[in-house]
Amino acid sequence: VQLQASGGGVVRAGGSLRLSCAGSGSISRVNYMGWYRQAPGKQRGFVADITGDGTTGYAEPVKGRFTISRGSGENTVYLQMNSLKPEDTGVYYCYVDMTSYPRSWGRGTLVTVSS
């Protein structure tokens, strides 16, 4: 399984970005797809996830501003990010958890929010 994240870039505070994560290979029996991020000098932390039946979860700092969604198939996940803040800056990584397989990670896409 390979995951490719895209959609990062530079945006001013208050702006929006939409991240995409497309998976290739054998993706099925998905339990979760989601996003983590890593700010400069910090550990990677949870941002949002979505289950196979569409249940979503968010980290407190992004609730009400970010929305995670799935594509029509099992291999795509999106992260709509609104009202971005400088503290949202970091590398965003997508992942997929499938039954009986270890978690697979994408390479990450850089989001920079300027003040």
*When you look at residue 3, is it part of a loop (DSSP other than H, G, I, E, B) and touching a Gly at 6+ places or on another chain (Cβ under 8 Å), yes or no?*
no
*Odd one out for residue 77, checked against (1) open to solvent by 20 Å² or more (accessible area, probe 1.4 Å); (2) closer than 17 Å to residue 2 by Cβ*: (1)
*Just for the stretch 34-59: of the residues that are at pLDDT below 95 and either out of contact with any strand residue (DSSP E or B) (no Cβ under 9 Å at 6 or more places or on another chain) or under 11 Å from residue 106 (Cβ atoms) (or both), which one is surrounded by the fewest Cβ atoms within 10 Å (Cβ to Cβ)?*
41
*Any chance you could count how many residues in the stretch 98-115 are open to solvent by 30 Å² or more (accessible area, probe 1.4 Å) and farther than 18 Å from residue 40 by Cα?*
6
*asked:* Restricting to the stretch 17-33, give me the number of residues that are surrounded by fewer than 16 Cβ atoms within 10 Å (Cβ to Cβ) and either touching a His at 6+ places or on another chain (Cβ under 6 Å) or within 18 Å of residue 100 (Cα to Cα) (or both).
replied: 6
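The values are calculated or read from the model by the stated rules, or taken from the named source; none is laboratory data. Small disclaimer: the values here were computed from a predicted structure and weren't measured. Positions of Cβ are generated from backbone atoms using ideal geometry, with glycine treated the same way; all protein chains shown enter the neighbour counts. Ligands, DNA and RNA are excluded from the accessible area calculation, which covers all protein heavy atoms including side chains. Shrake-Rupley method; radii C 1.70, N 1.55, O 1.52, S 1.80 Å.
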